[in-house]
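**Student:** Before we start, here is the structure in question, set down as structure tokens.
Each reported figure results from applying straightforward, stated rules to the coordinates on display, with no laboratory input. Values in this document were obtained by computation on a predicted structure and should not be read as measured data. Glycine gets a Cβ as well: all are built from the backbone with ideal geometry, and neighbour counts include every protein chain shown.
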Amino acid sequence: MALQWFPGHMHKALKEIKESLNQVDILIEVLDARIPYSSENPEIAKIRGDKPCIKILNKYDLADPEITARWQESLEKERGVKTITTSSDNPGNSKQIMQLVKSICSYKEGQPKAIKAMITGIPNVGKSTLINILADRIIAKTGNEPAVTKSQQRINLGSGIILFDTPGVLWPKLENPHSIYRLASSGAVKNTAMEYDDVGFFAADYLIKAYPEVMKERYKLDELPDTEIEFLEAAAKTRGAIQAGGRVNLHKICEILLKELQSGKLGRITLETPEMLEVEKEEMALEAAKKAEAKAKRKAKFKTGSLTPDKKDRKEKREEKRQEQSRRMRAQNKK
Ligand SMILES: Nc1nc2c(ncn2[C@@H]2O[C@H](COP(=O)(O)OP(=O)(O)O)[C@@H](O)[C@H]2O)c(=O)[nH]1
Ligand SMILES: [Mg+2]
């Protein structure tokens, strides 16, 4: 699957975030509770330094609470990090962010200097919705298109906190090959028609393993098949996703599955766990080491001469041919 889902403005956005970070006391990083790893941009952690950070696990209403608790524990192991769960259907809970900001920044009631907090997050995690809840009014436009904030917005939340909205759009960083599928499964990125089925297959594969009972019940199956293709075929039959001629319409059933997953119809579902990520990170490290080794080998080869052995061979052969040709020409001229 092509990974060209995101335009390349990331460098600029990161530079601006870095500059803004110097002006604030605390960073509020909004994540999607269903994909806390894949909705994070790891560059933020690198530029954050010692600045305290609250990681918000938003859309908690859609996430599996038991796995979210494990994520909170895992994320809080990082120095200076606190977590909180929020969802737009529970604004009272979202407002607790303000108490947390104050306690982390040792705010004294009535102090003249307001706390400056910056909010970041990749598109669609719910930043605008959250800002509107915190500000008690409509400030940021919400919706499925990431709006580029032209100038940095400063929002006075009252009660001693000023919120800086993210400058620019921070795209997710796709170091992990599974992340793009999880982002697409969650609805954070739009699926293009061609890739839709890939995403559906990915989601089906994960869901039949992680939530077998949910899938069996929702798609009215007596037996849950072992593979995603068999599952999709069986679900297509119970859901009437059948083409003319009786063939199963895989595209249609993928669409149904993803819609139901994204809207919460399958219940509260999380698409990655801290334990899965530990394994995947090890795999990524191995892969990176392999690549580095291959690169070092190529370099070493190159250093042994201005020509690589392969090129050397070809040059020698060319030289032999030339000499052979001149011998033949000389012989012909003598005739
Ligand atoms: N279910 C659910 N949907 C949410 C929540 N917060 C935001 N959304 C939806 O997610 C979409 C993106 O939200 P938005 O605030 O525009 O995200 P932003 O791109 O980070 O500013 C919108 O359709 C919101 O209605 C939440 O807590 N739960
Ligand atoms: Mg927004």
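**Student:** Collect residues whose amide H, placed 1.01 Å from N in the peptide plane, falls under 5 Å from the amide H of ILE242; neighbours closer than 5 in sequence don't count.
**Tutor:** Those qualifying (amide H under 5 Å, at least 5 residues apart or on another chain) are ASN249.
**Student:** Would you mind telling me the antiparallel percentage of the DSSP bridges in the chain, rounded to 5?
**Tutor:** Within the chain, antiparallel bridges account for around 15 percent of the total.
**Student:** Still on this structure, please answer the following. For the chain, set up a Gaussian network in which alpha carbons nearer than 10 Å are linked by springs, and say which option among PHE302, PHE201, PHE231 fluctuates the most.
**Tutor:** Evaluated over the chain, the most mobile residue of the options is PHE302.
**Student:** From the residues ALA45, TYR107, ILE133, which one has its Cα farthest along the dipole of region 20-165 in the positive direction, the dipole being from +1 and -1 charges on Cβ of Lys/Arg and Asp/Glu about the Cα centre?
**Tutor:** TYR107
**Student:** Under the 0.36 nm per residue contour assumption, what length would be gained going from the current alpha-carbon distance of ASP226 and LYS301 to full extension?
**Tutor:** This chain segment gains 22.3 nm when fully extended.
**Student:** What FRET efficiency, computed as 1/(1 + (r/R0)^6) with R0 = 41 Å and r the Cβ-Cβ distance, is obtained for ASP89 and ALA285, rounded to the nearest 0.05?
**Tutor:** After rounding, the FRET efficiency stands at 0.60.
**Student:** Return the distance in nm (one decimal) between the two label points of a simple spin-label model at ILE242 and ASP61, each offset 7 Å from Cα along Cα→Cβ.
**Tutor:** 3.7 nm
**Student:** Continuing with the same structure: Could I have the simple spin-label model distance between GLU316 and ALA45, label points 7 Å from Cα toward Cβ, reported in nm to one decimal?
**Tutor:** About 5.0 nm separates the two model spin labels.
**Student:** Which links in LYS190/LYS297; LYS46/LYS102; LYS113/LYS173; LYS141/LYS281; LYS173/LYS291 stretch past 31 Å when you go from one Cα to the other?
**Tutor:** Cα-Cα > 31 Å for LYS190/LYS297; LYS113/LYS173; LYS141/LYS281; rest within.
**Student:** Run the numbers for GLU278 and GLU233: contour at 0.36 nm per residue of separation, minus the present Cα-Cα distance, in nm.
**Tutor:** 13.0 nm
**Student:** In addition: Using a Förster distance of 22 angstrom, determine the FRET efficiency expected from the C-beta separation of THR142 and GLU19, and round it to 0.05.
**Tutor:** Efficiency, rounded to the nearest 0.05: 0.25.
**Student:** What are the aspartates and glutamates whose alpha-carbon lies under 16 Å from the alpha-carbon of LYS295, with same-chain residues fewer than 8 places away excluded?
**Tutor:** Result set, ordered by chain and number: GLU287.
**Student:** State, in angstrom, two size descriptors of the chain derived from its alpha carbons: Rg to one decimal place and Dmax to the nearest whole number.
**Tutor:** Cα radius of gyration and Dmax of the chain are 27.4, 110 Å respectively.
**Student:** Given +1 on the Cβ of Lys and Arg, -1 on the Cβ of Asp and Glu, and no further charges, what dipole in debye does region 20-165 carry about its Cα centre, rounded to the nearest 20?
**Tutor:** Rounded to the nearest 20 debye, it is 520 debye.
**Student:** Ok, one more. How big is the charge dipole of region 179-262 about its Cα centre, in debye rounded to the nearest 20, if each Lys and Arg gets +1 on its Cβ and each Asp and Glu gets -1 on its Cβ?
**Tutor:** Value, rounded to 20: 340 debye.
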